[in-house]
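See below for the structure under consideration.
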Amino acid sequence: GLIYEFHMGDTTPDGQNQYASLVGDPALFTVPQIWAQVINKLATEPPYARLYYVEGNNTLVHIGVAHNGQAVDYEKQPGSDEWRILTDSESPVSQDKWSEILPSLSNPPVAQVVSNKIDEPAKYGLESPQTRVKVTTSQEEPVDFYLGSATPDGQSRYAQRRSGQELFTVPETWAKMIERLATEPPYP
């Protein structure tokens, strides 16, 4: 139950440490720079929960979306940044539209983790979800997730990883964008 507040200052001249002080204590001390970087990142890059992770060299290479009986797959062409729509025939995506879509696919938002265990999936529209998504990255196993019904305020949608028990919410605008990938593919 004790709370400690500390302040971190500049990096030491050798770059190995960072100055710090404990509030209420007159002493000045140093902490290793690597530790200070971790603490600083909690403010600049919070560890938000995600349905899936695309970070560093791990890039998005495939996404498949099925919504209300319509299904479309998208695939990044090997060795290039070009994406193709895979339906009955292959077609490139509209580069203008895809440049707006891809960042939100690579950094999926999660409004919150509602629960660590779903007891009644049907209550959240996840028993027989209308939207199913499969995401494949270059370095991880594919991730399947479902989008369920809207939250009571209508601002978010419930979501769940197929192999997980956590109940997430995602912004309604993001969920609609995902559904449009199945219903309105971004053809050129």
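The values are calculated or read from the model by the stated rules, or taken from the named source; none is laboratory data. Source: prediction; values computed, not measured. Note that each Cβ is placed from the backbone with ideal geometry, even for glycine, and that neighbours are counted across all protein chains shown. Accessible surface is based on the protein model in full, side chains and every heavy atom, while ligands, DNA and RNA are left aside. Shrake-Rupley method; radii C 1.70, N 1.55, O 1.52, S 1.80 Å.
Being farther than 16 Å from residue 178 by Cβ and either open to solvent by 80 Å² or more (accessible area, probe 1.4 Å) or touching a residue at least 40 places away in the same chain (Cβ under 8 Å) (or both) is a property that does not hold for residue 93.
Here the condition is being modelled with pLDDT under 90 and among the acidic types (Asp, Glu); of 153, 144, 119, it holds for 119 alone.
Within segment 143-166, the set of residues being over 16 Å from the mean Cα position of the chain (by Cα) and either part of a strand (DSSP E or B) or at negative phi (or both) comprises 148, 149, 150, 151, 152, 153, 155, 163, 165.
Out of the residues in segment 59-82 that are polar (S, T, N, Q) and out of contact with any strand residue (DSSP E or B) (no Cβ under 9 Å at 6 or more places or on another chain), which is nearest to residue 179 (Cα to Cα)? So the residue we want is 70.
Determine whether segment 148-155 contains at least one residue that is among the charged types (D, E, K, R), open to solvent by 40 Å² or more (accessible area, probe 1.4 Å) and free of Cβ contacts under 8 Å to residues at least 40 places away in the same chain. Yes, segment 148-155 contains a residue that is among the charged types (D, E, K, R), open to solvent by 40 Å² or more (accessible area, probe 1.4 Å) and free of Cβ contacts under 8 Å to residues at least 40 places away in the same chain. Among residues of segment 70-84 that are farther than 15 Å from residue 136 by Cα, those with a Cβ under 6 angstrom from a residue that is loosely packed, with under 14 Cβ neighbours inside 10 Å, sequence gap 6+ or separate chain, pair up as 70/183. Can you go through 133, 170, 143, 113 and tell me which one is in contact with a helix residue (DSSP H, G or I) (Cβ under 8 Å, 6 or more places away or on another chain), within 24 Å of residue 55 (Cβ to Cβ) and in contact (Cβ under 8 Å) with a residue 12 or more places away in the chain? That would be 133, the only listed residue that is in contact with a helix residue (DSSP H, G or I) (Cβ under 8 Å, 6 or more places away or on another chain), within 24 Å of residue 55 (Cβ to Cβ) and in contact (Cβ under 8 Å) with a residue 12 or more places away in the chain. Here segment 122-141 is the region considered, the condition is being within 14 Å of the chain's Cα centre (by Cα) and of a type in the set (Val, Ile, Thr), and the residue that is modelled with the lowest pLDDT is 137. Going through (1) of a type in the set (A, V, I, L, M, F, W, C); (2) exposed (fewer than 10 other Cβ atoms within 10 Å of the Cβ); (3) touching a Phe, Trp or Tyr at 6+ places or on another chain (Cβ under 6 Å) one by one, residue 2 falls short only on (3).
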